[in-house]
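S.K.: The structure follows.
The values are calculated or read from the model by the stated rules, or taken from the named source; none is laboratory data. What you are looking at is a predicted structure, and each value in this text was computed from that prediction instead of being measured. Every residue, glycine as well, gets a Cβ built from its backbone with ideal geometry; the counts of neighbours run over all protein chains shown.
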Amino acid sequence: MNDQFSEIELRRLDLNLLLVFSALMRERSVGRAAKRLYLGASAVSMALGRLRSALGDALFVRAGAEMVPTPRAEALWSQLAPALAGIEGAVRATGFDPATTEATFRFAAPDDLEFVLIPRLMERLGTVAPGATLVVRPADFRSLFGLLDNGDADLALSALPTRGGERRHRVRTLHRDGFAILYDRTQLGCAGRIGLERFVETPHILLSIRGDRHGAVDDALAQRGLRRTVIATVAHFPTMPFILRRRAVIACVPSVAARFFADAFDLELSPLPILSPEFDVGLAWHARTDGDPAQAWFRSVVEEEIGDLPKPSRPAGGGVVEDSL
């Protein structure tokens with residue numbers, strides 16, 4: 001145990017100011033931080049002024065409607081957030097009983113996994129934690145760390161980004177996933193595996209949150225001197241089955257969700273005819289919840305439910321391709 005600190009040094013700074021700093025880092029607004037702390041805006045402004053004097057840095061600068069942290073504030077937060085989480089965990093009651101808890105669990109997930117997982121989570125919580133509340137928010141690999149930093153989510157499930165995580169973030173990789181082809185056999189007039197020629201010739205619909213018409217599938221095809229035709233992009237995976245049932249098109253869908261869509265909407269499932277990279281799917285949370293027994297329990301529940309889902313498998317004769325997310 002590391003107990004090498006000086007009470008005399010810490011007495012020079014009102015430690016309550018660090019709670020104001022924490023609220024400002026999470027809310028990026030004096031007004032919202034004041035509401036979070038049940039203080040007046042003037043009290044938060046005065047506390048920020050004292051912090052600036054004590055630490056010799058502006059800490060936050062205004063950019064439009066937000067207070068943007070300085071590099072000194074970011075460095076301080078990376079050390080302070082885990083420390084505050086440890087303090088909270090130390091003083092919180094250690095006992096946790098799911099059967100009697102009234103905790104609110106804020107969970108973020110992309111809609112392809114939300115479609116598959118949330119009904120299972122609701123059933124599980126209804127059985128073992130009937131007093132708990134589940135709040136679900138959308139997430140993707142671009143937004144998950146921001147949701148955790150802002151307190152909008154306690155736990156996020158997503159394709160994991162290759163960068164952007166900081167020391168205050170905890171990440172646990174669960175499995176590798178990729179994409180499978182989903183289509184309607186009546187519309188396309190065929191069933192089973194889709195070959196490369198039909199894959200290229202058939203119009204595609206593409207999942208793209210930002211509206212991009214080009215994804216990694218196109219990059220993989222370009223390496224062979226081929227290209228596909230994307231006739232539409234959609235921002236939500238659950239929209240795709242309804243389009244597939246009405247048009248002679250195909251979609252590249254994450255394989256876990258693709259299996260459920262195929263069963264629920266009586267669609268055909270096929271491996272991609274090209275070998276392309278897969279991606280990691282995992283859980284992410286903020287260091288401040290490490291010591292919270294309720295959150296630790298919820299993480300274990302989510303991980304167990306994900307573990308019971310059909311595991312992604314590499315299609316015979318080829319890999320899977322990450323399309324534009």
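S.K.: So which residues in region 102-116 are out of contact with any Leu (no Cβ under 7 Å at 6 or more places or on another chain) and closer than 18 Å to TRP285 by Cβ, if there are any at all?
M.R.: Initial filter on region 102-116 (out of contact with any Leu (no Cβ under 7 Å at 6 or more places or on another chain)): 102-104, 106, 110-112, 114-115.
Residues satisfying the conditions are ALA103, THR104, ARG106, PRO110, GLU114.
S.K.: Further question on the same structure: Filter region 118-167 down to the residues that are among the basic types (Lys, Arg) and assigned to a loop (DSSP other than H, G, I, E, B), then identify the one that is farthest from GLU74 (Cα to Cα).
M.R.: Initial filter on region 118-167 (among the basic types (Lys, Arg)): 120, 124, 137, 142, 163, 167.
Now drop any that are not assigned to a loop (DSSP other than H, G, I, E, B), which leaves 142, 163, 167.
Working: ARG142: 19, ARG163: 17, ARG167: 11 Å.
Once the filter is applied, the top-ranked residue is ARG142.
S.K.: Among the residues of region 140-168, count how many are buried (at least 19 other Cβ atoms within 10 Å of the Cβ), within 16 Å of ARG28 (Cα to Cα) and either charged (D, E, K, R) or more than 12 Å from the chain's Cα centre (by Cα) (or both).
M.R.: Residues flagged as buried (at least 19 other Cβ atoms within 10 Å of the Cβ), within 16 Å of ARG28 (Cα to Cα) and either charged (D, E, K, R) or more than 12 Å from the chain's Cα centre (by Cα) (or both) within region 140-168 amount to 1.
S.K.: Answer yes or no as to whether ARG246 is assigned by TED's automatic domain parsing to the domain that holds ASN150 and over 20 Å from ALA159 (Cβ atoms). Step through it out loud before you land on a result.
M.R.: Values: assigned by TED's automatic domain parsing to the domain that holds ASN150: no; over 20 Å from ALA159 (Cβ atoms): yes.
Criteria not met by ARG246.
S.K.: What are the pairs, 6+ residues apart or on separate chains, where a residue within region 286-310 that is in the same structural domain as LEU148 (by TED's automatic domain parsing) and farther than 14 Å from PHE105 by Cα has its Cβ under 9 Å from a residue that is modelled with pLDDT under 85 and among the charged types (D, E, K, R)?
M.R.: ALA287/ARG167; ARG288/GLU88; GLY291/GLU88; GLY291/ARG92
S.K.: A follow-up question, please. Would you be able to say whether some residue in region 94-110 is surrounded by fewer than 16 Cβ atoms within 10 Å (Cβ to Cβ), more than 30 Å from ARG299 (Cβ to Cβ) and either touching a residue at least 24 places away in the same chain (Cβ under 8 Å) or not aliphatic (A, V, I, L, M) (or both)?
M.R.: no
S.K.: Go through region 192-207 and report how many residues are under 22 Å from ARG259 (Cβ atoms) and surrounded by 12 or more Cβ atoms within 10 Å (Cβ to Cβ).
M.R.: The total comes to 10.
S.K.: Does ASP57 satisfy the condition of being part of a loop (DSSP other than H, G, I, E, B) and in contact with a Leu (Cβ under 7 Å, 6 or more places away or on another chain)? Lay out the reasoning, then the answer.
M.R.: Details: part of a loop (DSSP other than H, G, I, E, B): yes; in contact with a Leu (Cβ under 7 Å, 6 or more places away or on another chain): no.
Judged against the criteria, ASP57 is not a match.
S.K.: Of everything in region 90-114, what is among the small types (Gly, Ala, Ser), out of contact with any strand residue (DSSP E or B) (no Cβ under 9 Å at 6 or more places or on another chain) and either within 23 Å of GLY31 (Cα to Cα) or at pLDDT 90 or above (or both)? Give them in sequence order. So that I can check it myself, show each step before the final result.
M.R.: Pass one, region 90-114, residues among the small types (Gly, Ala, Ser): 90, 93, 95, 99, 103, 108-109.
Narrowing further to those that are out of contact with any strand residue (DSSP E or B) (no Cβ under 9 Å at 6 or more places or on another chain): 90, 93, 95, 99.
ALA99 - this is the single residue of region 90-114 that is among the small types (Gly, Ala, Ser), out of contact with any strand residue (DSSP E or B) (no Cβ under 9 Å at 6 or more places or on another chain) and either within 23 Å of GLY31 (Cα to Cα) or at pLDDT 90 or above (or both).
S.K.: Residue check: is PHE179 modelled with pLDDT of 95 or more, among the hydrophobic types (A, V, I, L, M, F, W, C) and touching a Leu at 6+ places or on another chain (Cβ under 9 Å)? Walk me through how you get there before you give the answer.
M.R.: Details: modelled with pLDDT of 95 or more: no; among the hydrophobic types (A, V, I, L, M, F, W, C): yes; touching a Leu at 6+ places or on another chain (Cβ under 9 Å): yes.
Judged against the criteria, PHE179 is not a match.
S.K.: Scan region 71-89 and tell me whether some residue there is closer than 24 Å to HIS286 by Cα, modelled with pLDDT of 85 or more and β-branched (Val, Ile, Thr).
M.R.: Checked region 71-89: no residue is closer than 24 Å to HIS286 by Cα, modelled with pLDDT of 85 or more and β-branched (Val, Ile, Thr).
S.K.: Out of the strands (runs of 3 or more DSSP E) lying entirely within region 177-243, which hold 3 or more residues that are touching a residue at least 40 places away in the same chain (Cβ under 8 Å)? Explain how you work it out, then say what you get.
M.R.: Values: elements: 179-183, 204-207, 230-234.
It comes to 179-183, 204-207.
S.K.: If you don't mind, there's one more thing I want to ask. So, in region 284-301, exactly how many residues are aliphatic (A, V, I, L, M) and surrounded by 21 or more Cβ atoms within 10 Å (Cβ to Cβ)? Reasoning before the result, please.
M.R.: Just the residues of region 284-301 that are aliphatic (A, V, I, L, M), to begin with: 284, 287, 294, 296, 301.
From what's left, surrounded by 21 or more Cβ atoms within 10 Å (Cβ to Cβ): 284.
Within region 284-301, residues that are aliphatic (A, V, I, L, M) and surrounded by 21 or more Cβ atoms within 10 Å (Cβ to Cβ) number 1.
S.K.: Ok, one more. Please name all residue pairs, on different chains or six or more residues apart, with Cβ atoms under 9 Å, provided the first residue is in region 162-176 and is under 11 Å from ALA81 (Cβ atoms) and the second residue is at pLDDT 90 or above and acidic (Asp, Glu).
M.R.: Note: pairs meeting the criteria are GLU166/GLU74.
S.K.: Let me ask you something else. Looking at (1) at pLDDT below 95; (2) assigned to a loop (DSSP other than H, G, I, E, B); (3) more than 21 Å from the chain's Cα centre (by Cα), which one does ALA248 not meet, given that it meets all the others?
M.R.: (1)
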